[in-house]
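The values are calculated or read from the model by the stated rules, or taken from the named source; none is laboratory data. What you see is a predicted model, and the numbers here were worked out from it, not measured in a lab. Quick reminder, even Gly has a Cβ in these numbers, built from the backbone with ideal geometry, and neighbours come from all protein chains shown. Protein only, heavy atoms only, side chains kept; ligands, DNA and RNA dropped before computing areas. Shrake-Rupley method; radii C 1.70, N 1.55, O 1.52, S 1.80 Å.
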Amino acid sequence: MTLPSVLGPPARLLRRRIGTARRDTAFLAAGVLPHLAAVPAWLWLGAKPVVRSVHLPWGVLPGLFAVLLLLPLVALPLTAVQRWRYAELLAVDIPRSLPAEGPRLRRALRLLVSAETWRRTAYHTLLGPFLAVAEVLVLAVWGTGVACATIYGWMWAMPAHTDAADVYAVQAAYVTAIGLLLLAAAPWFAGTVTRAESRAARALLGPSRAQRLERRVTDLSVSRADLADAADAERRRIERDLHDGTQQRLVSLAVTLGLARATLKDLPEEARRIIDEAHREAKEAISELNDLVRGLHPAVLDDRGLDAALSGLAARVPLPVRLHVDLDGRPAPAVESVAYFVVSEALANVTKHARAGRVEVTVRRTGRVVRVEVTDDGVGGADAAAGTGLTGLAGRVRAVDGTFRIDSPVGGPTTLVAELPCGR
């Protein structure tokens, strides 16, 4: 049985704290030189020609201007070094900024005047030397603690004729106690400096709060688009499975029942009645399944586009539908699917609730927006905020960054508009 297994949790805690102290100390030791890299610039700026007199020699101005332009350029590799240091030694990721867009010269000028560049420059030129001093102090505490705690070893190693060999044992004990106290305080000191450096690096080397929010919005937009595409692909899969599997089995069952009813003439009346009822139920199930499949994602939408799919949908509505589709090319599959769903649900609601005499459906593309408009002359009174199917319809439209609105005064008419963005 090993010693750590005997000691149990205290040994694991001690081992973890030793590992943390070793990691923090290595991290701070690796930061001394990068944090002192900008000191030569300060030494030049503090030279005698600059600060010696009130009047500033004109010959110094070009050099001063060059240094001020050079500092942001020097900050770029130093920032890369700091990112590597945090990632490798602390496993802390300092995000990069969003890349600038536009021509190269414009990107360079924007980088030079951006607040982010000067935040990095301030970190390396102003805060860096102070951080280096704190890191050196931490290393000095460790070194002094080790030297004092091992004073008896130093006394033993020294020659006997030296004065140090005559140091009293009590004095050596005091020095050893001081060394042990320094070694006990060094991990706390190293952890405090490490945490302070991490907060400063995230604030000055990473993107600003506005940039982080912008990146978060971008990530959420991409995630939502991926989720919408995945949901649309899943609906396509379900439609295909129902059409190729369940629907074909029901058709086969209906055909078998029809043949049985036509060929088995000598069956009892009760049996024939049961077969007739089963045949009728099978045909109704096929009809309902067809409606379900068309509501999910009709195959004609993939094969022939939105115009053909909406034409077939309008032909099945039991009232006059005037359809006008004007699209310059096919929009994205997700936009097509949502547009079809909007028209399908709108026509279903008109058929069930509106008591309308006619419906007009218009789908046109204007710029980067596909506008879907459904108007009926029914009784009106539809409200998307009332928790009806219109609420789900609005959510489906918002899932692709679209807008949905409905104008339905009591007495009619009702106008439903959905605007779906799609790039060219």
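General remarks:
- One residue stands out in the range 300-335 among those that are within 16 Å of Val397 (Cα to Cα) and part of a loop (DSSP other than H, G, I, E, B): the one that is least open to solvent (accessible area, probe 1.4 Å), namely Pro331.
- Residue satisfying all of: in the range 80-121; modelled with pLDDT of 65 or more and assigned to a loop (DSSP other than H, G, I, E, B); surrounded by the fewest Cβ atoms within 10 Å (Cβ to Cβ) among these: Ala91
- Some residue of the range 134-147 being at pLDDT below 80 and in a helix (DSSP H, G or I): no
- Residue within the range 363-386 that is within 25 Å of Gly312 (Cα to Cα), of a type outside the set (D, E, K, R), in contact with a Lys or Arg (Cβ under 8 Å, 6 or more places away or on another chain) and part of a loop (DSSP other than H, G, I, E, B) present: yes
- When the test is whether a residue is closer than 24 Å to Leu301 by Cα, open to solvent by less than 20 Å² (accessible area, probe 1.4 Å) and in a strand (DSSP E or B), Leu416 passes it.
- Long-range neighbours under 9 Å by Cβ, at least six apart or interchain, first residue assigned by TED's automatic domain parsing to the domain that holds Ala339 within the range 310-326, second among the acidic types (Asp, Glu) and modelled with pLDDT under 85: Arg316/Asp291; Leu323/Asp307; Val325/Asp307
- Any chance Gly395 is under 36 Å from the mean Cα position of the chain (by Cα), at pLDDT 80 or above, assigned by TED's automatic domain parsing to the domain that holds Gly357 and more than 20 Å from Arg358 (Cα to Cα): no
- So Val338, is it in contact with a helix residue (DSSP H, G or I) (Cβ under 9 Å, 6 or more places away or on another chain), part of a strand (DSSP E or B) and either open to solvent by 40 Å² or more (accessible area, probe 1.4 Å) or not hydroxyl-bearing (Ser, Thr, Tyr) (or both): no
- Among residues that are modelled with pLDDT under 70 and surrounded by 12 or more Cβ atoms within 10 Å (Cβ to Cβ), Asp276 is not included.
- When the range 351-372 is filtered for residues that are in contact (Cβ under 8 Å) with a residue 40 or more places away in the chain and either of a type in the set (Asp, Glu) or open to solvent by less than 30 Å² (accessible area, probe 1.4 Å) (or both), the ones remaining, listed by number, are Ala354, Ala356, Val359, Val361, Val363, Val370, Val372.
- The set of residues in the range 284-300 being touching a Leu at 6+ places or on another chain (Cβ under 9 Å), at pLDDT 70 or above and of a type outside the set (Gly, Ala, Ser) consists of Ile286, Leu289.
- Between Leu56, Leu13, Leu3, the distinction of being of a type outside the set (Asp, Glu), at pLDDT below 50 and within 30 Å of Leu183 (Cα to Cα) belongs to Leu3 only.
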